[in-house]
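Just below is one structure, and these are the notes that go with it.
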There are 2 protein chains.
Amino acid sequence: MKLYDNPHAPNPRRVRMVLAEKGLEYEKESLDLGAGDNLKPEFAAVNPYSKVPVLELPDGLCLSETPAICRFIDEAYPEPELYGTTAKERAIIDMWDHRMESMLLYPALFAFQHITGFFKDRMTPVEDFGQESVRNFLKALPVLETQLTNNEWIAGGRFSIADITAVCAIDFIRIVKVRIGDEYPNIQRWYAAMKRRPSYSA
Amino acid sequence: MKLYDNPHAPNPRRVRMVLAEKGLEYEKESLDLGAGDNLKPEFAAVNPYSKVPVLELPDGLCLSETPAICRFIDEAYPEPELYGTTAKERAIIDMWDHRMESMLLYPALFAFQHITGFFKDRMTPVEDFGQESVRNFLKALPVLETQLTNNEWIAGGRFSIADITAVCAIDFIRIVKVRIGDEYPNIQRWYAAMKRRPSYSA
């Protein structure tokens, strides 16, 4: 397997963390997104939507979109299970993973893109929307704090893909100087546990 | 099963279309989002993030986040299969479904929210970002046209959840007067096929 990667972006990190949790070896090609490596015509054959990560399988199939990649890896290499075992457990993990993606990760990406203007050669940054995205990120935290008051991990009693998605969002938004405050002791407790996992530094 | 629903929003429609494809009966409670029904304290017990759709299962479990709900229904009621049968087919459908969600449906939602200001009592609409969202939506169409030139349905040879997500996005963005132009004959052909399915009017 080969991962088209970027060391700074949160979505490739989600995939690297899944691969690390599974203990899998893989080839890695790092793309310089600022220089537009992903916009070159040769990359369009890998992903016509020009995004990383992409996981190229041994038969040549290039799989993109982080949740599709992570779920595929989990199905092909079930140990340790990151998406649950029963239909209901899977649904609850799915629910929390999608919450963490849409309520933390996307706002973190939008905050970065619209506040820093890093990709202003290929999009129109709107600073006010960047600030609104920071507010959206912060608004999602109280419910997460309650969830982590009642559960060890985000989707319940077991570590799951939702924890990976959340930590990638929380670390990424530091780029615009947003941090989890002391008013969230259970998110802090969970975050410390995430940092202790070897996959954290993948 | 009981669906917490809204007749105008695209995400509840995705769930209704899945339920219609499966031929399932269910109870429906419609929330008036403009009036803030979803922000009332009693709804926080159903979904602490105050969003529809939510599917309440017979045992009382309230499942939210559209992709989690749709996948759960598909697993519980496999006929007709909307998520694929082999691991690779599932991965490709997942990939296209997530593309349609992040590149068509979210831009359509953002365009609505930020251009019309419909929810300005609970968010800060940023008109320029609404217009950028329209551009993002339109930018995603050429790759979709190519995909539908080579395939009958969005994820390949069979109808899938990705078709449902895409049609809900394409219909919703009409609210800000964006339509699929004649330069996309294969998207038009696919769209006509979608309109012929009984689930289209669910």
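We did not get these values from a lab; they are worked out from the coordinates using the rules stated. Keep in mind it's a predicted model, so treat the numbers as computed, not measured. Glycine gets a Cβ as well: all are built from the backbone with ideal geometry, and neighbour counts include every protein chain shown.
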**Complete:** Output for region B:18-113: GluC sites (Glu not before Pro) sitting in coil per DSSP, at most 10 other Cβ within 10 Å, listed by number, reads B:Glu25
**Sites matching chymotrypsin sites (Phe, Trp or Tyr not before Pro) across region A:145-180 that sit in DSSP coil, with at most 14 neighbouring C-beta atoms within 10 Å** = none
**Residues with amide H under 5 Å from that of B:Lys28, placed H, sequence gap 5 or more** = B:Leu3
**Unit Cα scatterers, Debye sum, region B:87-201: log10 I(q)/I(0) for q = 0.12, 0.17 Å⁻¹** = -0.43, -0.81
**Item:** Per-residue ³J(HN,Hα) for region B:139-156, Karplus 6.51 cos²θ - 1.76 cosθ + 1.60, θ = phi - 60°, Hz, x for Gly and Pro
**Value:** 5, 7, 6, x, 5, 5, 4, 4, 4, 7, 6, 9, 9, 5, 10, 5, 8, x
**Request:** In whole Hz, with x marking every Gly and Pro, tabulate ³J(HN,Hα) for region B:181-187 from phi via Karplus 6.51 cos²θ - 1.76 cosθ + 1.60, θ = phi - 60°.
**Result:** x, 5, 6, 10, x, 7, 5
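Per DSSP H run of n ≥ 4, the term is -39500 (n - 2.57); total these for chain A, divide by its residue number, and report the mean residue ellipticity at 222 nm rounded to 500 deg cm²/dmol. Intermediate values should be presented prior to the final figure.
Details: 9 runs with 98 residues, N = 202.
That calculation yields -14500 deg cm²/dmol at 222 nm.
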**Prompt:** Say the dipole of chain A comes from +1 at the beta carbon of Lys and Arg and -1 at that of Asp and Glu; which of A:His98, A:Gly117, A:Thr66 then lies farthest toward its positive end?
**Reply:** A:Gly117
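Taking each residue of B:42-51 in turn, how many C-beta atoms of other protein chains fall within 10 Å of its C-beta, and what is the average?
2
Taking 1 over the mean of 1/r across every pair of different Cα atoms in chain A, what Kirkwood radius in Å do you get? Kindly include the intermediate steps, with their values, before the conclusion.
Numbers: mean 1/r = 0.0570 Å⁻¹.
Roughly 17.6 Å, rounded to one decimal.
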**Fill in**
With Rg from the Cα atoms and Rh as the Kirkwood inverse mean 1/r over Cα pairs, region B:64-129 has an Rg/Rh of 1.15
**Message:** For region B:2-76, I need the span (max minus min coordinate) of the C-alpha atoms along each principal axis, in Å, sorted largest to smallest.
**Reply:** 31, 26, 20
**Message:** List residues of region B:32-54, by number, whose backbone nitrogen lies under 11 Å from a label position 7 Å along Cα→C-beta of B:His8.
**Reply:** B:32-36
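Quick one: plug the Kirkwood hydrodynamic radius of the protein assembly as shown (C-alpha pairs) into Stokes-Einstein at 4 °C, 1.567 mPa s, and report D in µm²/s. Walk me through the intermediate numbers first.
Details: Rh = 21.6 Å.
The calculation lands on 60 µm²/s.
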**Complete:** If each K or R counts +1 and each D or E counts -1, the residues other than B:Leu57 whose Cβ falls under 9 Å of its Cβ total 0
**Asked** With respect to the cross-link table entries A:Lys2/A:Lys22; A:Lys2/A:Lys120; B:Lys28/B:Lys195; A:Lys2/A:Lys51; A:Lys28/B:Lys139; A:Lys40/B:Lys139, which display a Cα-Cα separation exceeding 18 Å?
**Response** A:Lys2/A:Lys120; B:Lys28/B:Lys195; A:Lys28/B:Lys139
**Fill in**
Under Stokes-Einstein, region B:34-96 at 4 °C and 1.567 mPa s, with its Kirkwood radius over C-alpha pairs, diffuses with a coefficient in µm²/s of 96
**Prompt:** If you plug each phi of region A:101-117 into the Karplus form 6.51 cos²θ - 1.76 cosθ + 1.60 with θ = phi - 60°, what whole-Hz ³J(HN,Hα) values come out, in order, with x for Gly and Pro?
**Reply:** 5, 7, 9, 10, 5, 5, x, 5, 5, 5, 4, 4, 5, 8, 8, 7, x
**Prompt:** Looking only at other chains, what is the average number of their beta-carbon atoms within 10 angstrom of each beta-carbon in B:93-103?
**Reply:** 5
